[in-house]
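Peer 1: Structure provided below as structure tokens; questions to follow.
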Amino acid sequence: MVIDTHCHIYDTVFDADRDKLICQSKDLGIEALIMPNVDMDSLKPLISCAQAYPGFCIPLIGLHPCAVNANYKSQLVEIQSHWDTITWQGIGEIGLDFYWSKTFEKEQEQVFLEQIDWAVQKQLPAILHNRNSLERCLELLENLEHLPELVFHCFGESYEMAKRCLNLNTKVMFGIGGVLTFKQSHLRETVKQLGISNIVIETDAPYLAPVPFRGKRNIPPYIFETAKLLSESLKMEIYDVYRETTKNARLIFSNLD
Ligand SMILES: [Zn+2]
């Protein structure tokens, strides 16, 4: 019924109750959890989780911009050494993050472009993480001849920026999560202007829990809080929100069961 398009369910904070949460998620009507990677340390638990819950916990491979350091070339080689470990269904999460640090700005850009190229070569979609960096990210993408299909994860920018994303020469979706439920969120306006046709929903669990769970550990079942707010913002029936966002997720992640 719904797909959580961005979920770190393999994170160690779920070690004690992961199985319970996955059963609960299935019972509630969640069809799949898309799992973007973060760094070298997260890769092993991510792979184990994908193997333990095949077809439900969907593995993506990539290096998060905040994990990029001066040794980025060997980081990429190490990530790539896992190409054949499992069937990857996307590249992520990748992008630029100039909020936490600009120390490795140039390195982040190199790593981002290299991974965009992997996605193009492998014909896989990419999940993008951007913070204080969307402008630069778009500049880079606008200069490329070939692009993979893209999800702008945790999108929180204006409608004007969203339009620039949509003008890229590829299929684009915006990942909307708990931030939509925060009281001061201007995102509701953007979402209204966007309409449902380019929206997928996500939790980013264990981060960014929606209201009324804000500040707590986020879990996949909380995705229904975001769906509820989306239905209110768009004045759509909740079941239409489930159906349309799932359809959108499947347009990007076309190999799901
Ligand atoms: Zn994430």
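Peer 1: Scanning the range 35-79 for residues that are of a type in the set (D, E, K, R) and away from the ligand (no atom under 14 Å from the Cβ), which turns out surrounded by the most Cβ atoms within 10 Å (Cβ to Cβ)?
Peer 2: Taking the candidates together, the pick is 78.
A quick yes/no check of all residues on (1) within 24 Å of residue 89 (Cα to Cα); (2) free of Cβ contacts under 8 Å to residues at least 40 places away in the same chain:
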residue	(1), (2)
120	yes, yes
137	yes, no
148	yes, no
160	no, yes
169	yes, yes
179	no, yes
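Peer 1: Look at the range 128-144 and say how many of its residues are farther than 10 Å from residue 98 by Cβ and assigned to a loop (DSSP other than H, G, I, E, B).
Peer 2: Total satisfying the criteria: 2.
Peer 1: Sticking with this structure for a sec: What are the residues in the range 193-223 that are in a helix (DSSP H, G or I), away from the ligand (no atom under 16 Å from the Cβ) and more than 17 Å from residue 248 (Cβ to Cβ), if any?
Peer 2: 221
Peer 1: Can I ask one more? Exactly one of these conditions fails for residue 186: (1) loosely packed, with under 15 Cβ neighbours inside 10 Å; (2) within 17 Å of the chain's Cα centre (by Cα). Give me its number.
Peer 2: All conditions pass for residue 186, except number (2).
Peer 1: Same structure, new question: Quick check: anything in the range 20-34 within 14 Å of the ligand (Cβ to nearest atom) and either of a type in the set (Asp, Glu) or in contact with a Phe, Trp or Tyr (Cβ under 8 Å, 6 or more places away or on another chain) (or both)?
Peer 2: yes
Peer 1: Can you tell which of 246, 190, 170, 226 is among the hydroxyl-bearing types (Ser, Thr, Tyr) and within 16 Å of the ligand (Cβ to nearest atom)?
Peer 2: So the residue among 246, 190, 170, 226 that is among the hydroxyl-bearing types (Ser, Thr, Tyr) and within 16 Å of the ligand (Cβ to nearest atom) is 226.
Peer 1: Which residue pairs have Cβ atoms closer than 8 Å, lie 6 or more positions apart in sequence or on different chains, and pair a first residue in the range 3-21 that is farther than 18 Å from residue 154 by Cα and crowded, with 22+ Cβ neighbours inside 10 Å with a second residue that is modelled with pLDDT under 95 and among the hydrophobic types (A, V, I, L, M, F, W, C)?
Peer 2: none
Peer 1: Can you name every one of the strands (runs of 3 or more DSSP E) wholly within the range 29-104 that holds 3 or more residues which are closer than 12 Å to residue 8 by Cα?
Peer 2: Filter on the range 29-104 gives 30-35, 57-59.
Peer 1: Follow-up. May I ask you to list the residues in the range 203-242 that are free of Cβ contacts under 8 Å to residues at least 60 places away in the same chain and of a type in the set (Lys, Arg)?
Peer 2: Within the range 203-242, 214, 216, 228, 235 meet the criteria.
The values are calculated or read from the model by the stated rules, or taken from the named source; none is laboratory data. Remember, predicted model here, so these are calculated numbers, not experimental data. With ideal geometry, Cβ positions are generated from the backbone for all residues, glycine too; neighbour counts draw on all protein chains shown.
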